[in-house]
Amino acid sequence: MINSCLGGVKLETANFKVKGITSPQAKSSIESALNKLEGVSQAKFNLKQERQGQVNVKFDKQKTKLKDLKTEVRATGYEVS
């Protein structure tokens with residue numbers, strides 16, 4: 001994980017793989033679900049690694065945890081590694 005700062009809030013950056021991404025709608029669904037979580041400032045698939053299902057999430061670890069991000073992805077019906 002990488003640390004950054006946005007408006008005085010220390011953000012973590014997590015990258016993890018999501019299995020089973022086969023369409024733009026699937027990618028959009030996961031990004032949308034993650035972006036709705038409290039503390040997430042940005043969830044976006046890495047365009048260079050999209051085929052491998054790599055998602056990049058910037059979040060405030062005081063408001064959400066990495067395990068919460070992965071749980072949310074699983075709730076959309078996809079596996080996380």
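The values are calculated or read from the model by the stated rules, or taken from the named source; none is laboratory data. What you see is a predicted model, and the numbers here were worked out from it, not measured in a lab. Note that each Cβ is placed from the backbone with ideal geometry, even for glycine, and that neighbours are counted across all protein chains shown.
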Margin query: Checking S28 against (1) assigned to a helix (DSSP H, G or I); (2) surrounded by 12 or more Cβ atoms within 10 Å (Cβ to Cβ): exactly one of these is not met. Which one?
Written below: (2)
Notebook entry, point to check: Could you list, in sequence order, the residues of region 58-81 that are assigned to a helix (DSSP H, G or I) and among the aliphatic types (A, V, I, L, M)?
Noted result: L66, L69, V73, A75
Next item on the list: State the number of residues belonging to region 9-19 that are over 11 Å from V55 (Cα atoms) and surrounded by 12 or more Cβ atoms within 10 Å (Cβ to Cβ).
Entry: 3
Check: Are there any pairs with C-beta distances below 7 angstrom linking a residue in region 66-81 that is closer than 21 Å to S23 by Cβ to a residue that is polar (S, T, N, Q) and surrounded by 12 or more Cβ atoms within 10 Å (Cβ to Cβ), with the two at least 6 apart or on different chains, and if so which?
Finding: T76/S29
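Can you give me the number of residues within region 16-37 that are over 12 Å from the mean Cα position of the chain (by Cα) and either under 11 Å from N56 (Cα atoms) or free of Cβ contacts under 8 Å to residues at least 40 places away in the same chain (or both)?
4
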Note to self: Could you check region 37-62 and list, in sequence order, the residues that are modelled with pLDDT of 95 or more and exposed (fewer than 13 other Cβ atoms within 10 Å of the Cβ)?
What the structure shows: E38
